[in-house]
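A short worksheet on the structure shown next.
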Amino acid sequence: RAKDSGRGQMRFYEPLMDEKIERTRDLGAEMQGALERGEFHLVFQPIFDLTGEQVLSCETLLRWTNRRYGAISPAEFIPIAEDNGLIVAIGSWVIREACRIASGWPTDVTIAVNLSPIQLRSANLPTTIMGALAASGFAADRLELEVTESVLLEDIEASLAALNAINRLKVRTTLDDFGTGYSSLSYLTKFPFQTLKIDRSFIADFEQSPASVAIVQTVIELAAKLGMRTVAEGVETQAQLDQLRRIRCDAVQGFLLAHPMPANMVSTMLAGAGVKAMRRS
Ligand code: C2E
Ligand code: MG
Ligand code: MG
Ligand code: MG
């Protein structure tokens, strides 16, 4: 591509590249005091059973609103936090805050928290988790930690040890974004996951590609045989939901059912104030 592009395009790209590097550096600097300034907050996206009526769980999603740069997406700031090491402190805050908030919710609802690979490999993780559970009184078996598969291959032994340590605390683990990256079915037997979350790219392909439906169906059947439950993420259309019902996925998450929302809206929703009404909005 670089060969095809004329000289003018080089002049166009360079400033953009510099701007991106500059922004990354500035966001890294702003991130230093962000926890102390209270710039982070959590939103929660409900995960439903197949009827779409019952909330089974809520995924915790981190938000950062910076005094200078405004709202920054996790897709942008998480990699920066991983590079500068702040992800450990920020991630610990997420676990504590999520447990604190969810301890006020009905006990049949679990919460899922995303873990960065760096957190998974940090020796302090079990202590952090136990501290968050003790401080909030939140039951260990209502907490699920999501890790993406890309993490696992980097150091199989260390990943396995960390996941087992989490499971020993009675905290459950979810393999997130399954099917992306260098996915391999052998992961499913090698690692102790209780839940498999199927990446939204497969769900998005449903309408155009019967092959995607077949793949997801096979994954669901395999997961069931291995004693794992399945969640489909990124469900945006009724047709996708109908397919997932037909192929017996256990749970669904996506904009069709509910967007990520602040904690107080989750409380209202769980208190029974019209789940149906809210999922249409
Ligand atoms: P993820 O864990 O796969 O989270 C799901 C993402 O998909 C969220 O984006 C959610 O808002 C979005 N989503 C949910 N339903 C739909 C849908 O129907 N359609 C589409 N197009 N998107 C949907 P978000 O909140 O921007 O988070 C992006 C990623 O950032 C997450 O992907 C996760 O990898 C990471 N992340 C978020 N919070 C945390 C955190 O506290 N710690 C760590 N380490 N990573 C986090
Ligand atoms: Mg996730
Ligand atoms: Mg995911
Ligand atoms: Mg994802």
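The values are calculated or read from the model by the stated rules, or taken from the named source; none is laboratory data. Predicted model, so just to flag it, every value in this text is computed and none were measured. Cβ: placed from backbone, ideal geometry, glycine included. Neighbour counts: every protein chain shown. Heavy atoms of the whole protein, side chains included, go into the accessibility calculation; ligands, DNA and RNA do not. Shrake-Rupley method; radii C 1.70, N 1.55, O 1.52, S 1.80 Å.
Normalised by the number of residues in region 128-281, the average gap of Cα pairs under 8 Å and 6 or more apart makes the relative contact order 16 percent. For region 66-177, the solvent-accessible area with a 1.4 angstrom probe is 43 square angstrom per residue. In straight-distance terms, cross-link reach from LYS20 covers every one of the aspartates and glutamates whose alpha-carbon lies under 14 Å from its own, apart from those fewer than eight places away in the same chain; here that gives GLU76.
Note that region 227-269 presents 42 Å² accessible area per residue, ligands and nucleic acids not counted, probe 1.4 Å.
Result for the chain in a Gaussian network model with C-alpha springs under 10 Å: among GLU76, GLU157, GLU19, the largest mean-square fluctuation is at GLU19. For region 134-230, the Stokes-Einstein estimate of translational diffusion at 20 °C and a viscosity of 1.002 mPa s comes to 150 µm²/s, using the Kirkwood hydrodynamic radius over alpha-carbon pairs.
Structural descriptor for region 32-181: relative contact order 19 percent, calculated from alpha carbon pairs under 8 angstrom and at least 6 residues apart. For the chain, the relative contact order comes to 17 percent (Cα pairs under 8 Å, sequence separation of at least 6). Divide the volume of the convex hull around the Cα atoms of the chain by the residue count and you get 163 Å³ per residue.
Charging the Cβ of each Asp and Glu at -1 and of each Lys and Arg at +1, and nothing else, the dipole of region 157-269 about its Cα centre rounds to 540 debye.
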